[in-house]
Amino acid sequence: MALTLRSSTSFINIKDSSSLKTPDEFSGMVCFAQFKPSCRLRAKSSMQQETQVWRDQITTSFPSSSVLDGRRGTEQREKLHGLVSSHGPSSASSRVPVFVMLPLDTISIGGNLNKPRAMNASLMALKSAGVEGVMVDAWWGLVEKDGPLKYNWEGYAELLKMVQKHGLKLQAVMSFHQCGGNVGDSCSIPLPPWVLEEISKNPDLVYTDRSGRRNPEYISLGCDSIPVLRGRTPVQVYSDYMKSFRDRFREYLGDVIVEIQVGMGPCGELRYPSYPESNGTWRFPGIGEFQCYDKYMRSSLQASAEAIGKTDWGRGGPHDAGQYNQFPEDTGFFRWDGTWKSEYGDFFLEWYSAKLLEHGDRILAAAEGIFRGTGAKLSGKVAGIHWHYKTRSHAAELTAGYYNTRQRDGYLPIAQMMGKHGVVLNFTCMEMRDEQQPESASCSPEGLVRQVKTATSTAGIELAGENALERYDSGAFSQVVATSRSQSGNGLSAFTYLRMNKSLFEPENWRNFVEFVKSMSEGGRHTRLPESDSSRTELYVRFVTAKGETKKINEAALV
């Protein structure tokens, strides 16, 4: 008897909330046979398959179950940083574990796990492919939406049990930002209603640009230490949230939950929201704009200027920094010989980037104390802003808060700050090649990745990676494999793939993905999968023709 399940790209149930926007659902079919516990898993025979017309087939095998010791030998650290068999480089192997991001709407607006049967089948497929685990956003806007200190973790508890059942690991993201308005955002999850209420009373709680646009993605770091959220500071609110997560899931930490990625800005990244896509404000490859015009940031800038006797410098950001969609040479500040090189330019950029570093330091210090001794690693995400990288000023990086220019390394200070807390630096755009980018945008994702790898190596911390855009082609996977390797000890400790959806399970995409996972597990040596699996455990992703009706279906069958 077979159980048939339908799954979709979006796991949100529209009935849960009309405020959630999801992409069109897709129909997929996951079939697996019931079997006695004492029976071994084995592949379907050719005779069994004769009852169906198979259009395509992908076969994957389970990799070795051996895991790696991720402890760095150069320092004695708490258990917090001593983890993890499933995450971290080893002198004995160059294996890079692969995780997969779950859909943004894995948990519904009501706090429940969406489409649990479909999720169960999807996790089974990922496990069959040799994936180490999955990543999920623990949305502040869902968990604490009913009021301050009122947390609902039930949907995540159900997911964790399912992940554990399949022998997978979990990376949990403390997502203190809103979902919606950025690349890849397929649904809308705002900040908690009670927080939005406070923002409506005091709009300066969120980042603001020169023209007065307010960005509700994330609370401004300018008020990190001010009790603006009903008697608590934002950092206290984030800390209480992480404590609640720790207490609720203590039994899973260090075992199933192997990593806590701490959100520190929009998209969970340590940066300013300098290139917001919502409402068409910014378009690639615009330089973006500085986000320092809320009253808290302005007050800090004024104080810093007065401290060095330059009162005029504290009246606001650069007046000649242009607009979101301009190019560096269109502005007085960012052009080849612009004012970014002046004494004023250096003062402003030092202040702007230092505020971001202080923000990250405060939140990671809190997270380190909260998760110390749990066995879970900490990580922090940095954005891969590769456009205009070949210019002298690196304008797009500067507006995001990374003081990185032709003459100055902006990533080493970030890596060193994370190193203070034993945090893994997670970086994006690992799949990109320079030759694939528009020449006019002066992009160099490969150069940027090399610089970040050098910075993390110098700082003595681990580097993990993600792909910035959804890619399924072998070229993108090959680039990640190449990036993950290093002869000098600064390869990737883990890679998280963006993202699980219907496209991933298309036959050719799945074949490429499975080969990629296998290659990463073997230290980057290129391999192709055999047509059959000697371990007799096989995953099929196919097209099925059913009863006189041809229908395109994704099927995963474990027999």
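The values are calculated or read from the model by the stated rules, or taken from the named source; none is laboratory data. Keep in mind it's a predicted model, so treat the numbers as computed, not measured. Please note: Cβ atoms are built from the backbone with ideal geometry, for glycine as well, and neighbour counts cover all protein chains shown. The accessibility values were calculated without ligands, DNA or RNA, using every heavy atom of the protein model including side chains. Shrake-Rupley method; radii C 1.70, N 1.55, O 1.52, S 1.80 Å.
What about residue 478, is it assigned to a helix (DSSP H, G or I), more than 23 Å from residue 104 (Cβ to Cβ) and of a type in the set (Gly, Ala, Ser)? Reasoning before the result, please.
On the way: assigned to a helix (DSSP H, G or I): yes; more than 23 Å from residue 104 (Cβ to Cβ): yes; of a type in the set (Gly, Ala, Ser): yes.
Taking the combined requirement at face value, the residue satisfies it.
Condition first: among the polar types (S, T, N, Q), without any contact (Cβ under 8 Å) to a residue 60 or more places away in the chain and more than 15 Å from residue 215 (Cβ to Cβ). Can you find one or more residues in region 256-267 that meet it? If you could, list the steps in order and put the result at the bottom.
Start the filter on region 256-267 by keeping residues that are among the polar types (S, T, N, Q), which leaves 261.
Add one more test, that the residue is without any contact (Cβ under 8 Å) to a residue 60 or more places away in the chain, and what stays is none.
No, region 256-267 contains no residue that is among the polar types (S, T, N, Q), without any contact (Cβ under 8 Å) to a residue 60 or more places away in the chain and more than 15 Å from residue 215 (Cβ to Cβ).
Based on what the data block shows, is residue 443 open to solvent by less than 40 Å² (accessible area, probe 1.4 Å) and under 16 Å from the mean Cα position of the chain (by Cα)? Walk me through how you get there before you give the answer.
Working: open to solvent by less than 40 Å² (accessible area, probe 1.4 Å): yes; under 16 Å from the mean Cα position of the chain (by Cα): no.
The answer is no for residue 443.
Can you give me the number of residues within region 360-401 that are under 18 Å from residue 424 (Cβ atoms) and touching a residue at least 40 places away in the same chain (Cβ under 8 Å)? Even if it seems obvious, please write down each step before you answer.
Within region 360-401, the first condition is being under 18 Å from residue 424 (Cβ atoms), and the residues that meet it are 360-361, 363-384.
Those still in the list that are touching a residue at least 40 places away in the same chain (Cβ under 8 Å) too: 360-361, 363-368, 370-384.
Total satisfying the criteria: 23.
Which of (1) surrounded by 22 or more Cβ atoms within 10 Å (Cβ to Cβ); (2) of a type in the set (A, V, I, L, M); (3) under 23 Å from the mean Cα position of the chain (by Cα) is the odd one out, the single condition residue 205 does not satisfy?
(3)
Which residues, taken from region 192-227, are without any contact (Cβ under 8 Å) to a residue 60 or more places away in the chain, of a type in the set (Asp, Glu) and part of a helix (DSSP H, G or I)?
Scanning region 192-227 gives 197, 198.
Is there a residue being open to solvent by 10 Å² or more (accessible area, probe 1.4 Å), under 16 Å from residue 211 (Cα atoms) and in contact with a Ser or Thr (Cβ under 8 Å, 6 or more places away or on another chain) anywhere in region 301-320?
yes
Does residue 459 satisfy the condition of being under 18 Å from residue 381 (Cα atoms) and open to solvent by less than 20 Å² (accessible area, probe 1.4 Å)? Can you show your working first?
Details: under 18 Å from residue 381 (Cα atoms): yes; open to solvent by less than 20 Å² (accessible area, probe 1.4 Å): no.
In short, no.
Among the helices (runs of 4 or more DSSP H) lying completely within region 349-460, list those that include at least 2 residues that are touching a strand residue (DSSP E or B) at 6+ places or on another chain (Cβ under 8 Å) and not aliphatic (A, V, I, L, M). I'd like the intermediate steps shown before the answer.
Details: elements: 395-400, 412-420, 445-459.
Hits in region 349-460: 445-459.
Quick one: would you say residue 271 is touching a residue at least 40 places away in the same chain (Cβ under 8 Å), among the charged types (D, E, K, R) and either in a loop (DSSP other than H, G, I, E, B) or crowded, with 20+ Cβ neighbours inside 10 Å (or both)? Don't jump to the end; show me each part of the working.
Values: touching a residue at least 40 places away in the same chain (Cβ under 8 Å): yes; among the charged types (D, E, K, R): yes; either in a loop (DSSP other than H, G, I, E, B) or crowded, with 20+ Cβ neighbours inside 10 Å (or both): yes.
In short, yes.
Return a yes/no flag: does region 480-488 have any residue that is over 30 Å from residue 327 (Cβ atoms), in contact with an Asp or Glu (Cβ under 9 Å, 6 or more places away or on another chain) and surrounded by 19 or more Cβ atoms within 10 Å (Cβ to Cβ).
no
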